[in-house]
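Beneath this line is the structure, given in structure tokens, with notes to follow.
The values are calculated or read from the model by the stated rules, or taken from the named source; none is laboratory data. What you see is a predicted model, and the numbers here were worked out from it, not measured in a lab. Cβ atoms come from the backbone with ideal geometry, glycine included; neighbour counts cover every protein chain shown.
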Amino acid sequence: MYLPPSVRGFHSLIRSLALNHLKLTLIVPVFLFCIVGYAQTTIPDTAAGKVLRAWLDAFNSGDRSKMEAYIKTYNPQQSVERMMGFFGQTGGFDLLGIESSEPLLIRFRVKEKASPTVGIGTLQLKSNSTTVDNFGLRAIPPGAVVENIKLDAPERQLVIDGAVKNLNEFYVYPDLAQKMADAIRASQKGGDYDTIADPDTFANRLTKDLQAVSHDQHLNVNYSPVKLPADEDKPNPEQEAQFRKMLERTNCTFQKVEILSRNVGYLKFDAFPDPTFCGVTVVAAMNFLSHVDAIIFDLRENGGGDPRMVEMVSSYLFDKPTHLNDLYNHKEDFTTQY
């Protein structure tokens, strides 16, 4: 499941099953050769460990003021609304163990209090700081093995080659793709990546370097500690059932629908999930608001999603077929209209 940057992982399933031709996510397919246990449940007394403890205390409290204090102190880029919403979905987390620990980087395993879902998390601090540089959570599919690796020069080369290949194949602007490829090749040649052995750190650094050229916030390099299926593989019935259950438990990310004063409708939803599963939720919400004079769509925490859901929601706003958008597939050279 993939959520916002702050809780990447627990909503990555939405991303992996949704059609999202506009976003190019470069998944780093580096897999391990040594499996680690997670017997250690004591949080290390490191800078990263202290911030992890602060996050767990604030998040599990469910208290808005405590979350705001955590954000102000450690992670100013975080959103308290998103954090509160994520708490509502998960009920908080139980710490199962520490996977690995460095002074500014800690990897940990948690379990949702509200479900059997187990996830792997990474918290990385900026240099000489207690400010969070990168924080992610990824759900571990049932039966998957979490792997822990250290990158060497050949593996970093493999990742860079894969990133450049994906850019050239899929990125919508070929000239900009080449500029990004040249930039990371130059950084590699200059030795900027030579000391990076942690895959999350490397993915985070590549993301920053690519975005520094493209200014494209939809472009990310992500590391998965569990083996991901090939892109062309379709989810099996068990995975689809798990996905549907997650969407039902989160009400397809539809958080609130109400009628305000002066007959103004209000609808807040935090993603555009697959209408195959969530179309009925849209219909129910819009039917409730069918007699209002105006509607406020609250998309402040919405991370995007399936363009077909965008099309479905937008259909309530027009009285005739209306061209909304074009999505261009660079690799196959075709355009889908919505």
Out of curiosity, is GLY191 part of a loop (DSSP other than H, G, I, E, B) and modelled with pLDDT of 95 or more? yes
The condition from (1) touching a helix residue (DSSP H, G or I) at 6+ places or on another chain (Cβ under 6 Å); (2) surrounded by fewer than 17 Cβ atoms within 10 Å (Cβ to Cβ); (3) of a type in the set (A, V, I, L, M); (4) in a helix (DSSP H, G or I) that ALA177 misses is numbered (2)
Could you go through the stretch 324-331 and let me know if any residue there is within 26 Å of VAL257 (Cβ to Cβ) and without any contact (Cβ under 8 Å) to a residue 40 or more places away in the chain. yes
Within the stretch 158-169, is there a residue that is surrounded by 20 or more Cβ atoms within 10 Å (Cβ to Cβ), over 29 Å from LEU210 (Cα atoms) and touching a strand residue (DSSP E or B) at 6+ places or on another chain (Cβ under 8 Å)? no
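Is it fair to say ALA197 is within 21 Å of the chain's Cα centre (by Cα) and among the aliphatic types (A, V, I, L, M)? Step through it out loud before you land on a result.
On the way: within 21 Å of the chain's Cα centre (by Cα): no; among the aliphatic types (A, V, I, L, M): yes.
For ALA197, the condition - within 21 Å of the chain's Cα centre (by Cα) and among the aliphatic types (A, V, I, L, M) - is not met.
For the stretch 226-333, which helices (runs of 4 or more DSSP H) that fit wholly inside it have 1 or more residues that are exposed (fewer than 13 other Cβ atoms within 10 Å of the Cβ) and of a type in the set (A, V, I, L, M, F, W, C)? Please lay out each step first, then the result.
On the way: elements: 237-249, 275-288, 307-314.
Output list reads 237-249, 275-288.
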Pairs needed: first member in the stretch 112-141, on the phi > 0 side of the Ramachandran plot; second member anywhere, not in a strand (DSSP E or B); C-beta distance under 9 Å; at least 6 residues apart or different chains. ASN128/LEU104
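Restricting the stretch 82-103 to residues that are aromatic (Phe, Trp, Tyr) and free of Cβ contacts under 8 Å to residues at least 60 places away in the same chain, which is nearest to PHE254 (Cα to Cα)? Break it down stepwise before answering.
Keep residues of the stretch 82-103 that are aromatic (Phe, Trp, Tyr), which gives 86-87, 93.
Retained after the next criterion (residues that are free of Cβ contacts under 8 Å to residues at least 60 places away in the same chain): 87, 93.
Values: PHE87: 15, PHE93: 22 Å.
This residue is PHE87.
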Please work out which one of (1) over 18 Å from ARG205 (Cβ atoms); (2) small (Gly, Ala, Ser); (3) at pLDDT 95 or above is the condition ALA153 fails and give its number. (1)
Any hit, the stretch 314-322, residues being among the acidic types (Asp, Glu) and touching a residue at least 12 places away in the same chain (Cβ under 8 Å): no
